[in-house]
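The next block holds one structure in the form of structure tokens; read it before the comments.
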Amino acid sequence: MITNVKILDTKILSDNWYILRKITYQYTKKNGEAMTQTREAYDRGNGATILLYHPDQKTVILTRQFRLPTFINGNESGMLIEACAGLLDNENAEDCIKRETEEETGYKISKVRKIFEAYMSPGSVTEILHFFIAEYRNDMKVSEGGGAEDEEENIEVLEIPVDEAMAMIDSGEIKDGKTILLLQYIKLKGLV
């Protein structure tokens, strides 16, 4: 258990897309020993993610898009199947995820349920991700989705039977952590 933390030095290494800082800090361990360490932390802001599910059809709405970090780390196509998500910017998490849902999937939802929040990569990224679920119906589809045009997201919208999506985790077709957590949540809670 850390009892005392003191930031000794902070240097900005990059602020091109988001902010990468090199931080030197000292903390005092439970036994009283002071330790000094230097780490890098990437600050991209906080985000929100949602899984849309249809309990009668037993389907979910997912997206597929190119993710450069996966491409440079072995994903041959760079395409990733994932739950709808976005950065909060200056919005609250609920407003953000409703907007992102319509932009990315084309479904206009009014009721969402927050299920938890989590740090997804706490060793290097500051982001807290807010997790939501929502039921969808076919009459909620107001557009084709695909993402905001000015963001050049090029998102493909997928409607997949939930059992098929679960099998896609086992086969490695779905490798996105937030998506795996959301799919497991709705299965564990018996929502589909």
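For the structure I just gave you, tell me whether residue 64 is part of a strand (DSSP E or B), charged (D, E, K, R) and exposed (fewer than 13 other Cβ atoms within 10 Å of the Cβ). Explain how you work it out, then say what you get.
Details: part of a strand (DSSP E or B): yes; charged (D, E, K, R): yes; exposed (fewer than 13 other Cβ atoms within 10 Å of the Cβ): no.
Here the answer is no, as residue 64 does not meet what is asked.
List pairs: first residue in the stretch 119-136 and more than 23 Å from residue 23 (Cα to Cα) and open to solvent by 30 Å² or more (accessible area, probe 1.4 Å), second residue modelled with pLDDT of 95 or more and assigned to a loop (DSSP other than H, G, I, E, B) anywhere in the structure, Cβ distance under 9 angstrom, at least six positions apart or on different chains.
These pairs meet every condition: 135/55; 135/109; 135/111; 135/191.
So for the stretch 23-32 (the condition being part of a strand (DSSP E or B), among the polar types (S, T, N, Q), under 30 Å from residue 140 (Cα atoms) and modelled with pLDDT of 95 or more), does at least one residue qualify?
The answer is no; no qualifying residue exists.
Taking residue 170 as the residue in question, decide whether it is surrounded by fewer than 17 Cβ atoms within 10 Å (Cβ to Cβ), closer than 24 Å to residue 69 by Cβ and at pLDDT below 95. Walk me through how you get there before you give the answer.
On the way: surrounded by fewer than 17 Cβ atoms within 10 Å (Cβ to Cβ): yes; closer than 24 Å to residue 69 by Cβ: yes; at pLDDT below 95: no.
No.
Looking only at strands (runs of 3 or more DSSP E) that lie completely in the stretch 111-166, which have at least 3 residues being in contact with a strand residue (DSSP E or B) (Cβ under 7 Å, 6 or more places away or on another chain) and within 23 Å of residue 41 (Cα to Cα)? First the steps, then the outcome.
Details: elements: 113-119, 128-135, 156-161.
Because the criterion is at least 3 residues that are in contact with a strand residue (DSSP E or B) (Cβ under 7 Å, 6 or more places away or on another chain) and within 23 Å of residue 41 (Cα to Cα), the strands (runs of 3 or more DSSP E) in the stretch 111-166 that meet it are 113-119, 128-135.
The values are calculated or read from the model by the stated rules, or taken from the named source; none is laboratory data. Because the structure is predicted, anything quoted here is derived from the model rather than measured. Glycine also receives a Cβ, built like all others from the backbone with ideal geometry; neighbour counts cover every protein chain displayed. Side chains included, ligands, DNA and RNA excluded: accessible areas come from the protein's heavy atoms. Shrake-Rupley method; radii C 1.70, N 1.55, O 1.52, S 1.80 Å.
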